[in-house]
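Here's the structure, in structure tokens; my notes come after.
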Amino acid sequence: MPIRQMKESSEQHLVIKTHLQNTVNQPQKQRKTAQNGKGPPPPSPPSQETLNQASPPAKNRARRRGRGGRKSDHGDVCMRPSSRPCTLSNKPLNQADCSNEMEMRVGFPTSSKSLSYAHRPGYGQLGTKCIVKANHFFAELPDKDLNQYDVTITPEVASKTINRAIIAELVRLYKESDLGMRLPAYDGRKSLYTAGELPFSWKEFIIKLVDDDDGMNGPKRERQYVVVIKFVAKANMHHLGQFLAGKRADAPQEALQILDIVLRELSTKRYCPVGRSFFSPDIRAPQRLGDGLESWCGFYQSIRPTQMGLSLNIDMASAAFIEPLPVIEFVAQLLGKDVLSRPLSDADRIKIKKGLRGVKVEVTHRGNVRRKYRVSGLTSQPTRELVFPVDDNSTMKSVVEYFQEMYGFTIQHTHLPCLQVGNQKKANYLPMEACKIVEGQRYTKRLNERQITALLKVTCQRPRDRENDILQTVQQNAYDQDPYAKEFGIKISEKLASVEARILPAPWLKYHETGKEKDCLPQVGQWNMMNKKMINGMTVSRWACINFSRSVQENVARGFCSELGQMCQVSGMEFNPEPVIPIYSARPEQVEKALKHVYHASMNKTKGKELELLLAILPDNNGSLYGDLKRICETDLGLLSQCCLTKHVFKISKQYLANVSLKINVKMGGRNTVLLDAISCRIPLVSDIPTIIFGADVTHPENGEDSSPSIAAVVASQDWPEVTKYAGLVCAQAHRQELIQDLYKTWQDPVRGTISGGMIRDLLISFRKATGQKPLRIIFYRDGVSEGQFYQVLLYELDAIRKACASLEPNYQPPVTFIVVQKRHHTRLFANNHRDRSSIDKSGNVLPGTVVDTKICHPTEFDFYLCSHAGIQGTSRPAHYHVLWDENNFTADGIQSLTNNLCYTYARCTRSVSVVPPAYYAHLAAFRARFYLEPEIENGSTGTKGTRAAGETGVRPLPALKENVKRVMFYC
């Protein structure tokens with residue numbers, strides 16, 4: 001069965017050097033390989049490669065690339081043959097040479113105007129051609145002039161909802177007169193857009209809004225606003241047309257933004273907008289998530305420039321909303337018990353206060369008047385004890401009396417506290433039983449595991465069902481009847497885009513010669529370890545086990561460890577059947593004491609030799625135990641550990657044990673499998689010269705954690721030519737900072753002067769030590785960057801890579817290919833015919849290896865969608881790869897097949913994965929490092945882990961990883 005699965009200045013004026021003195025090879029032609037399943041392609045000897053030691057300046061040749069491939073204009077120098085395949089003798093990296101003078105010799109430009117993204121080098125041809133459908137809908141470009149107007153509302157209003165109400169009233173009153181029959185689209189803030197000019201360039205309006213929430217018998221409160229509308233500019237639709245036709249490289253963001261706002265206008269009025277999505281309980285009946293929450297269904301909508309022209313991207317969406325319950329019912333769900341018959345504990349009060357703070361409620365004790373308030377807190381006293389002054393003479397009246405006399409409302413549950421609404425200076429008390437939660441409030445805090453599981457059940461749709469729901473949404477939105485779309489001349493197709501795709505072949509995988517199966521061709525994105533042995537199985541001689549689970553007896557733990565050791569043996573490792581010391585049982589709250597005891601006891605037993613592996617059996621619900629264990633092991637003791645949950649110890653499955661054995665092997669420094677083409681030196685622009693592949697990611701703290709830092713992680717391959725093992729480094733940086741600050745850094749030493757460091761530099765040195773080669777090519781996969789951050793991230797991080805290289809050796813500037821990997825997008829691919837079993841996997845998704853680089857991709861830039869994995873449940877999300885910078889002259893086929901093939905080398909399972917492994921590993925490493933944040937420093941307001949000491953403004957660095965840890969894939 002398949003196994004499842006340090007800071008530098010942040011100035012932004014730095015620019016990338018486009019003329020480099022480095023080594024670049026001609027791209028090798030893709031050799032045809034046998035893919036008939038009968039055997040691997042015959043290994044051909046590596047051809048004599050060429051290496052230019054002093055080439056003329058190389059440029060980013062994006063604009064001069066031909067269709068499907070390119071030629072190199074470098075001179076050729078013969079490379080000495082070597083006894084080791086693919087190796088190249090070259091000069092060692094010099095750590096000492098890090099002077100400022102040397103950096104000046106390399107020369108970094110001081111203007112950023114020359115920086116432009118890589119252009120598409122042509123289209124891929126490799127693979128079996130097929131047709132897929134994408135959730136993109138063609139949008140016909142309007143032929144009207146679009147005009148932008150500035151809107152100023154006085155007094156200023158913070159709420160977009162009220163702003164929209166003001167402009168809606170203005171349009172109602174003046175459309176047929178002062179607005180010249182124009183129907184404007186409004187962004188809710190400062191901008192108004194029209195198709196054609198308004199009859200004026202500047203005008204002031206007086207608008208009065210009635211507050212429907214206030215007053216029952218007397219006159220309703222009326223608010224007056226002054227609205228000034230002033231002409232700003234015309235949107236350049238000709239520019240947009242040229243961009244979509246591929247004749248201009250720069251996207252006219254203003255025109256795209258206007259069209260996006262126009263198409264969102266009607267949905268904003270109909271539904272509850274959240275970001276780029278719209279939700280409503282009417283789209284589909286809400287499903288309860290527990291603890292007073294429910295899921296609402298909705299849809300995502302965004303207009304995008306593509307090769308087929310303007311495209312409207314529509315996808316289904318779900319989100320958690322607070323259930324519009326009477327407050328007492330919400331509290332009962334939140335606490336999971338009856339709140340009417342018993343007093344509340346202090347813990348109950350805290351939970352209620354957290355659950356209701358910031359939530360909008362409406363009163364129910366005043367008939368048709370449903371005035372709304374936002375909850376600011378909870379009273380510490382029960383309602384029956386609450387009194388307040390009713391006049392200037394400090395005459396006191398109880399809340400119970402007041403509600404009885406003023407509204408004829410008898411408070412039944414006086415043992416419950418009141419809600420506090422308003423600010424602290426003028427807080428009002430509202431009895432819980434007199435309030436109901438207002439509908440349509442999105443829940444933004446963290447969901448618990450039960451709620452996440454319930455939400456996933458709602459969102460998890462088979463491809464055919466998702467496609468039908470998307471089509472139904474487009475029909476319900478009826479863009480052809482949308483008055484705003486009509487006004488602006490936008491026409492939306494109701495058919496999914498039909499796109500030409502290709503199914504890339506799976507790569508052959510190499511296993512150890514002693515196994516029955518020495519190589520393997522995955523089928524539909526998966527394979528298994530039967531009859532195979534790891535290509536580099538490691539030895540575990542000294543290991544120990546700690547049992548933190550009360551329910552696991554020692555004999556059960558011993559049996560589990562024995563089974564796991566046998567599976568490691570069967571898979572190709574050497575695993576000592578006996579632990580260094582007997583299995584040690586400990587309580588979770590004594591994790592540090594237990595770890596240190598086992599560590600020192602083992603050292604004593606082995607006369608100073610350190611443990612190679614620690615097995616840990618954890619309770620299924622272990623709270624902070626897992627994170628504490630990893631932090632202590634990896635930053636304090638230098639122990640590599642493998643955690644196993646109690647449920648797996650009791651129910652031992654071969655699949656689970658095989659999965660764990662894969663993880664143990666790579667943590668020990670081994671390799672489970674490698675690409676056959678890597679062994680045979682047949683990977684274009686990887687096998688020819690020493691190539692290092694980086695993965696980088698930044699993970700940010702959850703909403704509400706205002707003090708926690710962001711965590712950056714960078715991993716890099718350490719085993720050219722196989723490119724399978726990745727060492728990783730992590731660092732903390734400023735809260736929600738996306739640019740990786742510690743890629744390269746310098747600091748002053750009183751003795752040695754300027755010292756260079758940073759994650760890129762350290763990993764380049766590590767590669768040199770591991771392989772005996774210095775990298776002559778860099779491929780950098782960067783995860784987690786949104787389109788709006790492309791330019792900033794490329795400018796800053798590519799410059800850091802340059803400086804890191806230059807700090808190691810004069811004129812050391814290997815060519816760089818910088819690729820952004822995105823999973824947080826809304827493009828989905830569907831089979832053209834869901835009944836055709838040959839075109840889908842078991843889950844009904846498109847086949848692994850499906851790649852698209854036409855029609856729905858960028859008009860000119862070098863991007864593609866790749867679904868590299870087989871679906872398990874729900875609709876697969878293809879990864880979107882955007883090549884922002886390419887000095888290695890990759891062809892479309894070259895980068896697409898490399899990326900797809902790497903997805904089969906993920907160490908933790910025998911499946912191809914959905915994201916290229918270096919990016920995946922960087923994400924795992926960054927996630928792991930969040931456990932390293934010092935737990936003793938608590939933020940009093942949120943209870944989250946912080947890293948700042950009192951009076952500090954910077955970010956406290958993470959504790960350093962032990963040397964033996966960061967050399968291996970500890971994050972697996």
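The values are calculated or read from the model by the stated rules, or taken from the named source; none is laboratory data. Note that the coordinates shown come from a computational prediction; the quantities given were computed from them, not determined experimentally. Heads up, the Cβs are rebuilt from the backbone with ideal geometry, glycines too, and the neighbour counts pull from every protein chain shown. Please note that ligands, DNA and RNA were not included when accessible areas were found on the heavy atoms of the full protein model with its side chains. Shrake-Rupley method; radii C 1.70, N 1.55, O 1.52, S 1.80 Å.
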>> Under a Cβ-only charge scheme (Lys and Arg +1, Asp and Glu -1), can you give me the dipole magnitude of the stretch 418-474 about the Cα centre, in debye to the nearest 20?
In response: 260 debye
> With each label point set 7 Å from Cα along the Cα-Cβ vector, what nm distance links D391 and E610?
Replying inline: 8.0 nm
>> Using DSSP to call loops (not H, G, I, E or B), can you name the trypsin sites (Lys or Arg not before Pro) in the stretch 465-509 whose Cβ has at most 12 other Cβ atoms within 10 angstrom?
In response: K495
> When the accessible area of the stretch 501-595 is split by element with a 1.4 Å probe, what percent falls to carbon and sulfur?
Replying inline: 49 percent
> Given 0.36 nm per residue, what is the gain on full extension from H238 to L209 after removing their alpha carbon distance, in nm?
Replying inline: 6.5 nm
>> Please compute the per residue accessible area over the stretch 773-858 with all protein chains in place, 1.4 Å probe, rounded to a whole number of Å².
In response: 28 Å²
> If you keep only loop residues by DSSP, which GluC sites (Glu not before Pro) in the stretch 627-718 have at most 16 other Cβ atoms within 10 Å of their Cβ?
Replying inline: E702
> Between T754 and residues 5 or more places away or on another chain, which pairs have amide H atoms under 5 Å apart, with H built 1.01 Å from N, and which residues are they?
Replying inline: D749
> Along the Cα-to-C-beta direction of S562, a point sits 7 Å from the Cα; which residues of the stretch 524-555 have their amide N less than 18 Å from that point?
Replying inline: 543-547, 552-555
>> Given R₀ = 51 Å, what would the calculated FRET efficiency be for A158 paired with M530, taking r from the Cβ atoms and rounding to 0.05?
In response: 0.20
> Cross-link partners among aspartates and glutamates for K129, C-alpha distance below 16 Å, same-chain residues fewer than 8 apart left out?
Replying inline: E500, D836, D853, D893
> In Å², what does the accessible area per residue of the stretch 477-629 work out to with a 1.4 Å probe?
Replying inline: 48 Å²
> Between the stretch 810-885 and the stretch 527-565, how many Å separate their Cα centres?
Replying inline: 37 Å
> Mind ordering 285-293, 718-726, 605-613 by average Cβ neighbours within 10 Å, highest first?
Replying inline: 718-726, 285-293, 605-613
> Can you list the HN-Hα couplings for the stretch 146-161, worked out from phi with the Karplus curve (6.51, -1.76, 1.60; θ = phi - 60°), rounded to whole Hz and with x for Gly and Pro?
Replying inline: 9, 10, 10, 10, 8, 10, 10, 10, 10, x, 5, 10, 7, 7, 5, 5
>> Let's see if you can work this out: charge +1 on each Lys and Arg Cβ, -1 on each Asp and Glu Cβ, no other charges. What is the dipole magnitude of the stretch 531-654 about its Cα centre, in debye to the nearest 20?
In response: 200 debye
>> What distance in nm separates the two pseudo spin-label positions at M181 and A165, each 7 Å out from Cα along the beta-carbon direction?
In response: 3.2 nm
> Semi-axes, largest first, in whole Å: what does sqrt of 5 times each Cα gyration tensor eigenvalue give for the stretch 240-340?
Replying inline: 42, 11, 10
>> Using a 1.4 Å probe on the protein heavy atoms, what percent of the accessible area of the stretch 179-304 belongs to carbon and sulfur?
In response: 47 percent
> Suppose R0 equals 22 Å; then what is the FRET efficiency for Q125 and R837 from their Cβ-Cβ distance, rounded to the nearest 0.05?
Replying inline: 0.25
>> What is the percent carbon and sulfur in the accessible area of the stretch 785-844, measuring with a 1.4 Å probe over the protein chains and ignoring ligands?
In response: 44 percent
>> Can you give me the long-range amide H partners of L776? Hydrogens built in the peptide plane at 1.01 Å from N, cutoff under 5 Å, separation of 5 or more residues or another chain.
In response: T691, I692
>> If R₀ is 56 angstrom, what is the calculated FRET efficiency for the pair M603 and K337, using the beta carbon separation as r and rounding to 0.05?
In response: 0.65
> Amide H to amide H under 5 Å from S302: which residues, 5+ apart in sequence or cross-chain, H placed 1.01 Å off N in plane?
Replying inline: N313
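Could you provide, to the nearest whole Å², the per residue accessible area of the stretch 669-725 with probe 1.4 Å? The partial results should precede the final answer.
Details: 950 Å² over 57 residues.
Here the per-residue accessible area is 17 Å².
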